[in-house]
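To start, the structure itself, in structure tokens.
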């Protein structure tokens, strides 16, 4: 299970970064678990679609409207309501998670990129004398 942690800087302007040894700097940060909004919205839409299907098949067909039309009309309403409720649930969970946020120390270290050794035989310079004769 993947966790969706986000790190933000503290709201207190008095917290200055403290210099440590030669490794880098440390900062006080706020660690918050945030919900994945898209998953909540999709789940709300799916729940709305399932509710539409259940309501469409549980009641008898009305004269003047086919089952497909009733499913479409109810689907527009219930999927929209489900998406809205899913987004509202994600916002509420995000607010609760923000209250449970923890403060941590982040150490800034220098990132070192690995160097790729260059070879003498690159595709551009690898031409044999036989291919140059035709030019």
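Derivation of every value follows stated rules applied to the coordinates shown; laboratory data play no part. Predicted model only: the values in this text are computed from it and were never measured. Positions of Cβ are generated from backbone atoms using ideal geometry, with glycine treated the same way; all protein chains shown enter the neighbour counts.
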- Note on the structure: Expected sort for 109-116, 73-80, 59-66 on mean C-beta neighbours within 10 Å, highest first, is 73-80, 59-66, 109-116
- Task: Sticking with the crude label model, points 7 Å out along Cα→Cβ, report the distance from residue 89 to residue 67 in nm, one decimal please.
- Result: 2.8 nm
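For the pair residue 31 and residue 53, what calculated FRET efficiency results from E = 1/(1 + (r/R0)^6), where r is the Cβ-Cβ distance and R0 = 35 Å, to the nearest 0.05? Please report the intermediate quantities before stating the final value.
Numbers: r = 41 Å, r/R0 = 1.17.
Using R0 = 35 Å, I get an efficiency of 0.30.
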- Once both label points are put 7 Å beyond Cα along the C-beta direction, the residue 100-residue 118 separation in nm becomes 5.4 nm
